[in-house]
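The values are calculated or read from the model by the stated rules, or taken from the named source; none is laboratory data. Quick caveat, the model's predicted, so the values are computed rather than measured. Every residue, glycine among them, receives a Cβ derived from its backbone with ideal geometry; neighbour counts consider all protein chains shown. In case anyone asks, the SASA skips ligands and DNA or RNA and just uses the protein heavy atoms, side chains included. Shrake-Rupley method; radii C 1.70, N 1.55, O 1.52, S 1.80 Å.
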Amino acid sequence: MSIVPPHERSPAEPFLVYDARKQLEGKPGLHALIAGVSAYPKLPSANGLGMVPLSSTSLTAYLMFYWLINASQNGLLEQPLATCRLLLTPSAEERSDSAGRAPGIAALAPPNCSMPLFRAAAEAWRNDAATNKNHSTLFYFAGHGIQITRNNQALLLDSFGDIGPVSLHSVDCSVLRNGMAPSLAHPDIARTQFYFVDACRNLPPANLSLENVRAGDVFQVHASGLDDRRAPIFFASPPDGKAQAVPRVQTLFSIALLRCLAGRAAFPPDRMANGRAANHWYVSTQSIAQGLPMVLDEVNREYGGQQSWTLDGGGNDAVLTHISGTPTVPLQIEVDPERALGSTTVELKMGGAAAALAQFRSNRDSHPFRRDVPAGIYEIGAVVNPKIDGLREADQFTHTVEPLRCRTKVRLS
């Protein structure tokens, strides 16, 4: 593990909490910039925006960092983690709530997410990314946000609400992404870039002028030519939408995203693909885009939320991580029509096996049937007993159960 303890960090880079550049010996790697703000000590004077301090966004950002180092340590990332720069302004509760997760926020002691430190971290992040076009980058922000234009938002740092215009205390999301484009200044910058913005996109109140809500430029955007990056942005909320969270746990978007990264949004091995994706299940920008709606719907039902999301930009598919072994799929089977409930038993076999993997007796309390199974090809059939006029047993049929196709309906006719 290449975590940099607080006493070993350079005063110029107190946010560099993970550094494996020497071990990689110049080989391509993933450079991450993660920021989370919860405390917002200046919010009471925040120009009538009606915001309150948060209780789970710094912990969410920490959990993303924790996922990255574990995925890299287990050899699952498409590119090993080279560096991670982490800035957190946590609540007191978040410092203690993370104590059971090695090494914990308090022990890791990342610096606060202030504008000066964020600018310095972003510049160092870009400089690392600019050393090899085969590098990849990842950005994650969790905290408050304000909508600037329909396709852009201000990410609010921990001094938001203090005196002066919003630009002194926020980051322009478009400037951040555009500043990472290939340019004359950075011709060899990483061409694969992942962006996740876990913040509200509320429209500013009427009493704020457009000048007042102009976000800050985190670094200079250089003139660029061909932008051939794969660089989608996953937003946790649509324009004028809100990001929701489980208090003192984490955001709904991050719960869904981490489930996707663990396999719920995995694509099966692709024999035509390059590299490890030819033989391993993998999670990519396109698989996340396909899997996130279903997983987020499940998270919303589980926690009573109404979280939505949107995607901007993209380019060709980009693999972020691989799955160890075969992912587990929460299979759901529905019997149609409903009048057959109570008389129907559904049998599940895997790959032509003689014995049934599972049998489900259909009653209203357990319908639709749900069971976690390994992804694969299954035979599904149904027996109706006692018989029901007009219905016959369903013949066995083959059904592919994958993370993105894990629901099926048994129709009796």
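Calculated FRET efficiency, I377 and S96, Cβ-Cβ r, R0 41 Å, to nearest 0.05?
Efficiency computed from Cβ-Cβ geometry: 0.30.
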Revision key, fill the gap. If every Lys and Arg gets +1 and every Asp and Glu gets -1 at its Cβ, then about the Cα centre the chain yields a dipole, in debye to the nearest 20, of 380
Point to revise | Per residue solvent-accessible surface (Å²) - the range 1-146, probe of 1.4 Å | key: 38
**Study point:** Surface/4 estimate of mean projected area, convex hull on alpha-carbon atoms of the range 175-316, nm²
**Key:** 11.2
Revision key, fill the gap. To the nearest 20 debye, the range 220-364 has a Cα-centred charge dipole, built from +1 on Lys and Arg Cβ and -1 on Asp and Glu Cβ, of 420
Point to revise | Charge dipole (the chain, unit charges on Cβ, about Cα centre) - positive-most of V283, P111, H144 | key: V283
Exercise for review: Mind ranking 71-83, 246-258 by how tightly packed they are, going by the mean number of other C-beta atoms within 10 angstrom, highest first?
Suggested key: 246-258, 71-83
Check your understanding: Do you know the relative contact order of the range 115-176, to the nearest whole percent, from alpha carbon pairs under 8 angstrom that are 6+ apart?
Key -> 28
Point to revise | Under 25 Å, Cα to Cα: Lys pairs in the chain, sequence gap 8 or more or different chains | key: 6
Point to revise | Additional length obtainable on full extension of the chain from N385 to D270, 0.36 nm per residue less Cα span | key: 37.2 nm
Check your understanding: Points 7 angstrom from Cα along the Cβ direction at E25 and T149: gap in nanometres?
Key -> 4.7
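Can you tell me the alpha carbon radius of gyration of the range 59-167 divided by the globular rule-of-thumb value 2.2 N^0.38 Å?
Normalised Rg, Cα atoms only: 1.19.
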Point to revise | Loop trypsin sites (Lys or Arg not before Pro), the range 351-399 (other Cβ atoms within 10 Å of the site Cβ: 14 or fewer; DSSP) | key: K387, R392
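Provide the packing ranking of 34-41, 272-279, i.e. peptides ordered by the mean count of other C-beta atoms within 10 Å per residue, highest first.
Descending packing order for the listed peptides: 34-41, 272-279.
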Review point. If you add up the charges near F194, with Lys and Arg at +1 and Asp and Glu at -1, over every other residue whose beta carbon is less than 14 angstrom from its beta carbon, what do you get?
Key: 0
Review point. Over the chain, what relative contact order in percent results from Cα pairs under 8 Å that are six or more residues apart?
Key: 13
Check your understanding: Of the heavy-atom accessible surface of the range 5-78 (probe 1.4 angstrom), what whole percent is carbon and sulfur?
Key -> 54
Point to revise | Probe 1.4 Å, protein heavy atoms only - accessible area per residue of the range 206-329 in square angstrom | key: 47
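Given a 1.4 Å probe and every protein chain left where it sits, what share in percent of the accessible area of the range 364-413 is carbon and sulfur?
44
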Exercise for review: Report the full-extension gain for the segment D188 to L226: residue separation times 0.36 nm, less the Cα-Cα distance, to one decimal in nm.
Suggested key: 12.4 nm
